[in-house]
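Reading through the structure tokens given below for one structure.
Readers should treat all values here as calculations from the given coordinates under stated rules, not as data from a laboratory. Remember, it's a predicted structure, so these values are computed and weren't measured experimentally. Note: ideal-geometry Cβ built from the backbone for every residue, glycine included; neighbour counts use all protein chains shown.
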Amino acid sequence: MAYLLADLATQTGSKLEGDDCLIEGIAEISSAGSGDIAFISNPAYAEHLSTSSASALIIKAELLDKCPVPALVTENPRLVYAKVANLLYPPRKSDAGVSPNAVVSSLASIDKTASIAAGAVISAGVSIGAGAQIGAGCVIENDVVIGSNTRISANVTVGYGCQIGDDCIIHSGVVLGTDGFGFVKDGDTFLKIPQIGNVVIGNNVEIGANTTIDRGALENTIIGNGVKLDNQIQIAHGVSIGDNTVISSSTAIAGSTHIGRGCLIGGLVGIVEHLNIADNVVITGRTMVTRSITQSGSYSSSTPMDTTENWRKNSARFRRLDELARRVANLEKTNKSAD
Amino acid sequence: MAYLLADLATQTGSKLEGDDCLIEGIAEISSAGSGDIAFISNPAYAEHLSTSSASALIIKAELLDKCPVPALVTENPRLVYAKVANLLYPPRKSDAGVSPNAVVSSLASIDKTASIAAGAVISAGVSIGAGAQIGAGCVIENDVVIGSNTRISANVTVGYGCQIGDDCIIHSGVVLGTDGFGFVKDGDTFLKIPQIGNVVIGNNVEIGANTTIDRGALENTIIGNGVKLDNQIQIAHGVSIGDNTVISSSTAIAGSTHIGRGCLIGGLVGIVEHLNIADNVVITGRTMVTRSITQSGSYSSSTPMDTTENWRKNSARFRRLDELARRVANLEKTNKSAD
Amino acid sequence: MAYLLADLATQTGSKLEGDDCLIEGIAEISSAGSGDIAFISNPAYAEHLSTSSASALIIKAELLDKCPVPALVTENPRLVYAKVANLLYPPRKSDAGVSPNAVVSSLASIDKTASIAAGAVISAGVSIGAGAQIGAGCVIENDVVIGSNTRISANVTVGYGCQIGDDCIIHSGVVLGTDGFGFVKDGDTFLKIPQIGNVVIGNNVEIGANTTIDRGALENTIIGNGVKLDNQIQIAHGVSIGDNTVISSSTAIAGSTHIGRGCLIGGLVGIVEHLNIADNVVITGRTMVTRSITQSGSYSSSTPMDTTENWRKNSARFRRLDELARRVANLEKTNKSAD
């Protein structure tokens, strides 16, 4: 796609300064060439202004007098960049219709504007909405509901009875609606607890590659509207995640934990079961959350990196930290009694 | 499925108190309605007894006088709940037979009561037992043996030569029998070590979505009877896991480590290579295990969550913990010599 | 395959000591039988020399006088073992040609010596090199380039436009070229940033099961020659990894981080975004890397395992470590002023 810079200004709510020109691509400021637009979000990169070969730039007003090319001026260059990129690079869309190499139950209901790729298997009772796209090799089990314009990439598995809203993006390798991990000890062995809830996903949700979301034991697992999940996240049975919460890769959330709206949860975080996390909580990468968080704010755990040599010494002391604290208390007592 | 409460009592070894009635479903006590049975495991929830709309409850004898509806009385409500749920919600079973859309080698041996779904690929030399179910899109490589009544969900990959016992459940996205991660340095590059062992899985094992188990380098990787593995677990080459050990999600176990029977291993745990973990060991979530554990008991590592502000201060001190300990020792020496 | 020991000596650059014999397999020294060769890398295992039933051994010269069977003598028994294993167990090779059960676009270019298994879906514009093997159920999207002799196991997804070099091994469940995790806050919701870079993978790269590598936001994500990635690793958009770097399982690397050549990165490591890691850096398992590393060397974080009882006490003290340090400083001041 190509756009006139003036049209990009109109459609992104930014202000054109300088001559109009044709924009065909977007690139990093250091590698942009003719026909490209680039953006500067961080003023530290302003030095690139004079040397960039971009045809246009997205900048804040304060950089305008240093800008040698036409510009889109905005208070939020990163947001305008995203809007421009969505115009220049619209999502790839497969042709509507069912591939002759897909296996689709006669008892499934597929909107005629939906697209089902080769190798997909669609079971009885499934409903797929207008403009939805199901990638190659996907398996959509019985009675699944997929909303309109939702795009499911290749090799995704959606378990029976799960519901996915409109305008979602589900990346490859995702598994939705697998059994939750529930057992009861019965002598030396463990008896499986049937998992009879579903997974219910709102609208405008994005789920990264190889992320897994279990169905609920009794109640549903719920992913709110606008939630963004990165790759390789694990969401256990009965979890609920509030609207517009964003979670980075490789994080695991244990059963029946409820997470509020608008949270930002880093990568490699662990959250144990049956907790409540308030709205607008920030949890930094690798934090281990073992108690509920009732107030918005930023929370952390983990320990800082060091050279292995130093780390060994400090780490060994950690194992006697309680003793060290007692020794300090003793010293304080001695000092006091010596007064 | 629907059962008379009296039949549920008989089949679960619990005692019916009150009138018989028809039970059609199971639900949380707070959302249960007519025809549902619910359970109270934790006496703290006894307050719900009077307000629940459930048709029957599973309770301990001590709650019987407060229970307004018929009850199944037992010392272990959670176990009876699991048994009831298994009766009311038997596993979904696909029809026996090979889908015309599966690709099955003429050199594979498929029991006539087994079910092979659309899009599955079954290679030469594979043996699939009575009542086994292979989901859509599964790839079962050469010479794999799958026991009777084992259920393999959609999009699972089982590498050549692997063996899976009876009554197992393998969830979607699981990869069994991929090459272990073995290399030898050869100058600046690394030479691959062929991985010639297999993966051997016992009976009554459950493996969660997107979990990966590598084949052994020389010896087999072994998963004992009754082992339960959650989602996104990584088991490296040559690991063995003893019977009835349970491991939560996102845990990684490195090569040639041997884990005993009856262990409970939390989520996000890491266990390094060539260790031995005794029977009946509990390892709490996020623990990093870098030495063998020779005695049953509970083991932990990681640090507690705090506000990011407090955490930053404490965490910075961690990098000088050894120095702090030396300073305390110095103070003690000074105090002593001052005596 | 079977080889004469003398031929193995020649082909691996080791020295035959003793009589020639036929070698048909390789095994652990404790389980090796007739026709097997075993190796001793660690002199601690020399006790097995006298009891092993192996037909031949791979050893260092210093063990030769204790060795009761013919031997391949070398300074690096592990390397010779790997070379012998590669001769005895050459990679499994599928027959050349396209399975009648694969779905291959007429606009794809498949070398006639390549192999495409059943259930694979190959899109328009794809180029697959000589001797390459594409496993069952793989989905190769538009315009992907796959080099010669690269082997892709079952159920792998390669996103449009990605490039994979020669002699690579990609294990099952891998997802390459999914969208990076990029959003801009737009009011209460998040706007997706189109991810327009690709993934470019060098030669002789191995990628473990269920590992995910995102396409770049603007620039490509780059995996250098000879890189070895274990299972369940997450590589975010715009990351670059230098030649011959090795990364163990379940590690996550955030966006735009650049990792040098020849690094050894342990399992469960987290590396945050926009860092630079120098060449030849070692990062031990579970380390959280939150700042760039400019010098080669070994780096660590995490805390040591203990009994849960001890850990609780020490861990509780961690939350007041800053206060403890201040108290120690106070004591030092008091002591000094008391001088």
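Data overview
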{"quantity": "Peptide-level mean, for B:251-259, of C-beta atoms on other protein chains within 10 Å", "calculated": "3"}
{"quantity": "DSSP beta bridges in the stretch B:1-139 [antiparallel fraction, %, rounded to 5]", "calculated": "25 percent"}
{"quantity": "Lys, Arg +1 and Asp, Glu -1 on Cβ, resulting dipole of the stretch B:97-299 about Cα centre, debye, nearest 20", "calculated": "260 debye"}
{"quantity": "Nonlocal amide H pairs with A:VAL104, under 5 Å, H built at 1.01 Å", "calculated": "A:ILE122"}
{"quantity": "Amide H contacts under 5 Å for B:ASN276, placed H, 5+ residues apart", "calculated": "B:HIS258, B:SER292, B:ILE293"}
{"quantity": "Distance (nanometres) between label positions extended 7 Å along Cα→Cβ at C:LEU64 and A:THR290", "calculated": "5.7 nm"}
{"quantity": "Taking the C-alpha atoms of the stretch C:50-119, convex hull volume expressed per residue in Å³", "calculated": "143 Å³"}
{"quantity": "Bridge type composition, the stretch B:97-299 - antiparallel percent by DSSP, nearest 5", "calculated": "5 percent"}
{"quantity": "Anisotropy class of the stretch C:138-291 from Cα gyration tensor, a/c 1.5 cut", "calculated": "oblate"}
{"quantity": "Estimated dipole of chain C in Debye, rounded to 20 [Cβ of Lys and Arg +1, of Asp and Glu -1, Cα centre]", "calculated": "1220 debye"}
{"quantity": "For the stretch B:256-339: relative contact order, % (alpha-carbon pairs under 8 angstrom, 6 or more apart)", "calculated": "20 percent"}
{"quantity": "DSSP bridge orientation in chain B - percent antiparallel, rounded to nearest 5", "calculated": "10 percent"}
{"quantity": "Dipole of the protein assembly as shown, positive direction: furthest Cα of B:ASN203, A:THR284, C:ALA124, with charges on the beta-carbon", "calculated": "A:THR284"}
{"quantity": "Average other protein chain Cβ within 10 Å of Cβ, residues A:274-287", "calculated": "3"}
{"quantity": "Relative contact order (%) - criterion: Cα under 8 Å, at least six apart; region: the stretch C:1-142", "calculated": "16 percent"}
{"quantity": "Column: log10 I(q)/I(0), Debye, Cα scatterers of the protein assembly as shown, q = 0.05 Å⁻¹", "calculated": "-0.33"}
{"quantity": "Rounded FRET efficiency, nearest 0.05, which uses the C-beta distance separating B:THR51 from C:LYS185 and R0 of 45 Å", "calculated": "0.60"}
{"quantity": "25 Å Cα-Cα threshold exceeded, pairs from A:LYS333/C:LYS333; A:LYS93/B:LYS93; C:LYS93/C:LYS228; A:LYS60/A:LYS228; A:LYS93/A:LYS228", "calculated": "A:LYS93/B:LYS93; A:LYS60/A:LYS228"}
{"quantity": "Cα-based shape type of chain B, given that a ≥ b ≥ c are square roots of the gyration tensor eigenvalues and the cut on a/c is 1.5", "calculated": "oblate"}
{"quantity": "FRET efficiency for C:ASP95 and A:ALA130, using Cβ-Cβ distance with R0 set to 35 Å, rounded to 0.05", "calculated": "0.20"}
{"quantity": "Distance in nm between pseudo-label sites at A:ASN280 and B:THR113 (7 Å out along the Cβ direction from Cα)", "calculated": "6.1 nm"}
{"quantity": "Per-peptide average of other Cβ atoms within 10 Å, ordering C:198-209, C:50-61 highest first", "calculated": "C:198-209, C:50-61"}
{"quantity": "In order through the stretch C:237-246: 3J(HN,Hα) via Karplus (6.51 cos²θ - 1.76 cosθ + 1.60), integer Hz, x for Gly, Pro", "calculated": "5, x, 6, 10, 10, x, 3, 6, 7, 10"}
{"quantity": "Karplus 3J(HN,Hα) series, Hz, for the stretch A:220-235 with 6.51 cos²θ - 1.76 cosθ + 1.60 (x for Gly, Pro)", "calculated": "6, 8, 10, 10, x, 4, x, 5, 10, 10, 7, 6, 6, 8, 10, 10"}
{"quantity": "For residues of C:103-116, the mean tally of beta carbons on other chains within 10 Å", "calculated": "1"}
{"quantity": "Burial ranking of peptide ranges A:84-96, C:16-28, B:167-179 (average Cβ count within 10 Å, highest at the top)", "calculated": "B:167-179, C:16-28, A:84-96"}
{"quantity": "Simple Cβ-charge dipole of the stretch B:3-88, Lys/Arg +1 and Asp/Glu -1, about Cα centre, in debye nearest 20", "calculated": "220 debye"}
{"quantity": "Sequence-separation-based contact order of chain A, relative, with Cα cut under 8 Å and 6+ spacing, percent", "calculated": "6 percent"}
{"quantity": "Candidates per GluC sites (Glu not before Pro) in the stretch A:47-138, loop by DSSP, up to 15 other Cβ within 10 Å", "calculated": "A:GLU75"}
